[in-house]
Structures are given as C-alpha cells and as structure tokens.
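One structure is given here, and the rest of the page talks about it.
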Amino acid sequence: FALLLLLSEPFCAPWPADPATAAYTALREQRLDDAVSSFRQALPCNPGNVRLHKDFAYTLLRTGDRLAARAQFARAMQIDPADETAALESAFLDYETGRRREARAAFLKLKASQTLVQAKAAHAFDEIDQTLAAAIGRWRQALQRAPDRWSGHEELAHLAEQRDDLPLAASEFLQAWTLRPARLELLLDLARVWTEQGDTVQTRRALVAAWRHGPPRVAETARELLHGEVPAETEIALVIPKAKPEDAGGP
C-alpha cells in the first residue's frame with residue numbers, strides 16, 4: 001500500500017530543479033512546446049511559486065493560448081494579491097478574450113494604485129470606458145429613431161452592464177423582453193442584473209417565470225439558479241407580455 005502511495009505522488013525536486021530547470025532551458029532554446037510541457041510538470045511540485053506561474057503564463061502567450069495564460073496570471077494573483085503586474089496582464093487578457101466588464105473593473109482598481117502599473121492601467125481603463133460610452137451613445141440615438149427594435153435594447157443593455165451601469169442594463173433588458181416576450185432567455189439576463197443590484201424579489205420572480213415558461217435550456221438554467229427548488233404554483237412570477245403577431249421573427 002505504501003509503495004502505491006509513493007508511485008501515485010509526483011517526484012518533486014527542490015526549486016529550482018527539474019522539471020522547472022528544463023522549462024527555462026527549453027525557453028532559452030526557443031522550444032516552446034517543450035517549455036509548456038515542463039512547466040506543467042513543475043507546477044504541481046511548486047504550487048505556491050508566483051514566478052513560476054507568471055513565467056508559464058508568458059510562455060503560453062508566446063504559443064497563442066491566451067485563455068490558459070489568463071488562468072496562470074489569475075493563479076499568481078491568488079497566491080500574491082499584491083502582485084499588480086499579474087493583475088495588469090490578467091486585465092489585458094480579460095479584454096482580449098471578450099471579458100470587457102472584468103477588464104474595466106480590474107483597470108479601474110489598478111488605476112488608483114501608486115505603482116508603475118498605474119499609468120498603463122489608467123490608459124487602458126479610459127480607452128475601454130470611452131469605447132463603451134461611445135457605443136452606448138450610438139445605440140441610444142439609434143433607438144430614438146427605432147424604439148421598437150428589441151435587439152437594439154438588448155445590445156444596449158449588454159453594453160451598459162459591461163460599463164457597470166446596472167440601472168440602465170436592467171431597464172433595457174426589460175424593454176427588450178417586453179418587445180420580444182418569446183425571448184425568455186432575457187429573463188436570465190434580468191435576473192443576473194437584478195441580483196447584482198440586490199433586488200432579490202425581482203430576481204426570483206424572473207427566475208420563476210423562466211422556469212415555468214422557458215424552453216428546456218432556459219428552464220434548466222433557471223432551476224439551477226433557484227438551487228433546484230421547484231417554485232410553488234402560487235408563487236408570483238413576472239407576467240409574460242402578450243406577443244404581437246409581428247414578433248414571430250426578425251430583429
């Protein structure tokens with residue numbers, strides 16, 4: 001039994017040593033695939049080593065694997081929350097992988113720091129914020145000309161949520177759903193935003209309506225968010241608006 005335990009445990013030589021040394025040797029020799037493989041072997045033996053996680057992240061970036069690199073920077077931040085270099089790199093990767101809201105929040109936090117990353121974070125935050133503000137402005141103008149365009153309200157809601165304008169996001173998601181009640185997945189968007197606003201009553205009503213009336217995927221997601229609880233028949237849900245004949249298709 002003891003032998004089986006020994007065989008199941010990875011062999012971990014003291015840092016710095018193989019396979020960590022092998023990873024850096026491979027990096028110097030431009031053998032990126034070998035470096036990635038060696039880093040993967042080294043990390044279980046050095047789970048709390050921030051430098052190793054960050055160097056692995058930079059190596060993954062050189063291979064084009066941004067999602068895996070972001071995960072390694074995130075791990076480095078968990079180990080050392082004061083590592084603002086890892087936080088900055090993670091924020092840039094959030095933005096590059098479509099997580100604009102998370103990136104904006106991270107840059108805003110780093111913008112207030114008094115370290116060398118402050119200038120870069122401030123520039124990145126301003127760029128994201130101005131881009132979102134301009135897009136929100138354009139959609140607001142478009143909806144003034146075509147207020148019944150439900151997809152425009154949905155797009156505006158997503159942009160507002162990314163900019164942390166939760167009241168606007170909730171209002172626009174609600175307007176989109178009112179115009180296109182068949183789009184019951186919008187109830188999940190509403191529930192998410194209302195949850196962040198602390199409106200537990202409206203959140204639950206939206207989830208109950210989604211569970212009762214939504215297609216299987218929406219109903220199952222609502223059930224999960226209700227922690228598997230089946231709502232009572234007497235429980236109040238959001239009232240489903242009546243669909244207009246022209247709502248059968250199109251944007």
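In table form, for the structure just shown:
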quantity: Loop-located GluC sites (Glu not before Pro) in segment 12-103, at most 14 other Cβ atoms within 10 Å (DSSP); calculated: 29
quantity: Rounded if a/c under 1.5, otherwise prolate or oblate - segment 64-177, Cα gyration tensor axes; calculated: prolate
quantity: Three-way shape label, segment 57-106, alpha-carbon gyration tensor, a/c 1.5; calculated: oblate
quantity: Cα gyration tensor, segment 24-95 - rounded (a/c under 1.5), prolate or oblate; calculated: oblate
quantity: 10 Å Cβ shell holding at most 14 others, DSSP loop, chymotrypsin sites (Phe, Trp or Tyr not before Pro): longest site-free stretch of the chain; calculated: 12-251
quantity: Potential lengthening between residue 232 and residue 62 on full extension [0.36 nm per residue; Cα-Cα distance subtracted]; calculated: 55.8 nm
quantity: Hz values of 3J(HN,Hα) by residue in segment 93-105 - Karplus curve (6.51, -1.76, 1.60), Gly and Pro given as x; calculated: 6, 4, 5, 5, 9, x, 9, 5, 5, 5, 5, 4, 5
quantity: Rel. contact order, % - alpha carbon contacts under 8 angstrom, at least six apart, segment 37-188; calculated: 13 percent
quantity: Hz values of 3J(HN,Hα) by residue in segment 129-142 - Karplus curve (6.51, -1.76, 1.60), Gly and Pro given as x; calculated: 5, 5, 5, 5, 4, 5, 5, 4, x, 5, 5, 4, 5, 5
quantity: Estimated vicinal HN-Hα couplings, Hz - segment 55-71 in sequence order (Karplus 6.51, -1.76, 1.60; Gly, Pro = x); calculated: 5, 5, 4, 5, 5, 4, 4, 5, 8, x, 8, 6, 5, 5, 5, 4, 5
quantity: Mean separation of Cα contacts under 8 Å (6+ apart) over length of segment 101-143, as relative contact order %; calculated: 31 percent
quantity: Contour minus Cα-Cα distance for residue 33 and residue 18 (0.36 nm per residue); calculated: 3.8 nm
quantity: Cα-projected label distance for residue 151 with residue 201, points at 7 Å along beta-carbon direction, nm; calculated: 3.6 nm
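FYI, it's all coordinate maths here, none of it is from the lab. These numbers come from a predicted model, not from an experiment. No Cβ is skipped: glycine too gets one built from the backbone with ideal geometry, and neighbour counts run over all protein chains shown.
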